[in-house]
Amino acid sequence: MFRPIVKLIIATILRFEARLILKKYQPRIIAITGSVGKTGTKDAIASVLAGQAKVRASQKSFNSELGVPLTIIGCDNPWWNPFGWLKVFVEGLGLILFRSNYPECLVLEIGVDRPGDMKSTLAWLKIDVAVLTNLPEVPVHVEFFKSPEEVVKEKWLLAQAVPATGLVIYNHDDAKLKALASELKCRNISYGFQEGATVRGSDIHINYQKENTEKPEGLGLRVDYDGKSVPFNLPGVLGAHQLYSLLAATAVGVSEEINLIKISEVLARTETPPGRMKLLAGLKETLIIDDTYNSSPAALEAGLNTLSELRIAGRKIAVLGDMLELGKYTIDEHRKAGILASRVAQVLVTVGLRMKFAVEEAMRKKMGKKNVYHFDDSRQAGEFLQNFIAPADVILVKGSQSLRMERVVEEIMANPEEKSKLLVRQDSGWSRR
């Protein structure tokens, strides 16, 4: 009871200060929402715009009732440190009372966990550009809504809040967003791989190391806009779905009249966030696909599809943790995960109570007991994999945040001393959980 009350008080103070800061400095606000790819899109957009103006983007995945105003103030989350919160409040007050070299543009990630979240945020946050990423059939957090359609309605409020002088950028390949875009009264442009997208990607391919044609090093594609066609590369990351972030950032860039070639050069140098299909060196000359930030049915399917496309010499190992907040879809979606994993991977390692349904389906598909392993804890799974993996294996690791699947990666990565830089959830607040 105590913590929710304290959180409410903190959120109220933060919103009050954030509103006054925005009123004083009037930065241009680009807001991003969706069920998949928000953080990667936010970081890519910030990189593209950095050469044009002073830009601040949400740290990590700051997208909550606390995270959004913390980004506006420009402070880290102190978690449950009272002196840390006092410092945040003083920082915010300083921006209000004194003139500062405040950013000209804010790139904010807006999350939705429960009905009313978006409406609550838009009550005090006025935006100039809305970017909508993807709204899959079974989105994350659907447990708290009456149906997936209700999630779509909640997130679409962001686009509806854009004024007539603003801009909406949406994923053209998402049928729901494409249909809703016809309602918009403001300027809008789309991105995607399907015919008709304003910014369109094509010719997706995996790049392999020249000295090792069975070791992937990233993705490549072509991007077309307004009669121009430019090659783009995304090193150090896999998954065609990751390219939507690149296309969204390109759409923002061209809307600001930034040259397409310059955008491609910037994005080739941009580091994608940890835990989003990142390629990491593993023990015993293995390769890890670290997708541990979070999980949902659509994202899990995309990760497994990427694993299936790889041309490698070793085994394909899928290490999957529970997908949370799926409500009535929980059992069916975990069973589907087991079926898909059995088609893609030679070995399936699962973590969590819900993934036992995936194990059942994988066994039904005759993966065999020697190729299916289940653990209650992510650390146990990582310790098992240390001795199990062999040279040239590729290991996809994925699961919802609470499963802490980054601990699996920590156990099998070649450079654990660099975990604070390479893995998700390495700050002090998470380390105490």
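The values are calculated or read from the model by the stated rules, or taken from the named source; none is laboratory data. Bear in mind the structure is a predicted one, so any value in this text is a computation, not a measurement. Methodologically, a virtual Cβ is constructed for each residue, glycine included, from the backbone with ideal geometry; neighbour enumeration extends over all protein chains shown. The accessibility values were calculated without ligands, DNA or RNA, using every heavy atom of the protein model including side chains. Shrake-Rupley method; radii C 1.70, N 1.55, O 1.52, S 1.80 Å.
Among the residues making up the range 44-92, those that are under 27 Å from residue 233 (Cβ atoms) and among the small types (Gly, Ala, Ser) are 44, 46, 47, 50, 51, 53, 57, 58, 61.
Which count do you get for residues in the range 1-49 that are among the hydrophobic types (A, V, I, L, M, F, W, C) and farther than 25 Å from residue 171 by Cβ?
Here the count works out to 15.
With respect to being outside any loop (DSSP other than H, G, I, E, B), under 25 Å from residue 280 (Cα atoms) and touching a residue at least 40 places away in the same chain (Cβ under 8 Å), residue 241 fits the description. Collect the residues in the range 221-274 that are open to solvent by 10 Å² or more (accessible area, probe 1.4 Å) and small (Gly, Ala, Ser), keeping them in residue-number order. Within the range 221-274, 227, 229, 236, 240, 245, 255, 264, 268 qualify.
With (1) open to solvent by less than 80 Å² (accessible area, probe 1.4 Å); (2) part of a helix (DSSP H, G or I); (3) among the β-branched types (Val, Ile, Thr) as the list, and residue 32 as the residue in question, which single condition is left unmet? The one condition residue 32 does not meet is (2). In a strand (DSSP E or B), modelled with pLDDT of 95 or more and more than 30 Å from residue 412 (Cα to Cα): is that true of residue 203 in this structure? In short, yes. Inside the range 125-181, can you point out the residues that are hydrophobic (A, V, I, L, M, F, W, C), in a loop (DSSP other than H, G, I, E, B) and open to solvent by 60 Å² or more (accessible area, probe 1.4 Å)? Scanning the range 125-181 gives a single hit, 164. Looking across the range 178-208, the residues that are charged (D, E, K, R) and out of contact with any Asp or Glu (no Cβ under 6 Å at 6 or more places or on another chain) come down to 178, 183, 185, 187, 195, 203.
Which residues, taken from the range 43-52, are open to solvent by 30 Å² or more (accessible area, probe 1.4 Å) and either more than 19 Å from residue 248 (Cα to Cα) or among the small types (Gly, Ala, Ser) (or both)? Working first, answer last.
Residues of the range 43-52 that are open to solvent by 30 Å² or more (accessible area, probe 1.4 Å), as a first pass: 43, 47, 50-52.
The answer is 47, 50, 51.
In the range 103-124, the residue that is farthest from the chain's Cα centre (by Cα) out of those that are in a strand (DSSP E or B) and farther than 19 Å from residue 36 by Cα is 105.
Within the range 368-401, the set of residues being in contact with a strand residue (DSSP E or B) (Cβ under 6 Å, 6 or more places away or on another chain) and either of a type in the set (Lys, Arg) or farther than 18 Å from residue 278 by Cβ (or both) comprises 371, 372, 373, 374, 375, 381, 398. The set of residues in the range 342-391 being at pLDDT 95 or above, assigned to a loop (DSSP other than H, G, I, E, B) and surrounded by fewer than 17 Cβ atoms within 10 Å (Cβ to Cβ) consists of 346, 353, 376, 377, 390, 391. Within the range 53-75, the set of residues being open to solvent by 60 Å² or more (accessible area, probe 1.4 Å) and either assigned to a helix (DSSP H, G or I) or modelled with pLDDT of 90 or more (or both) comprises 54, 56.
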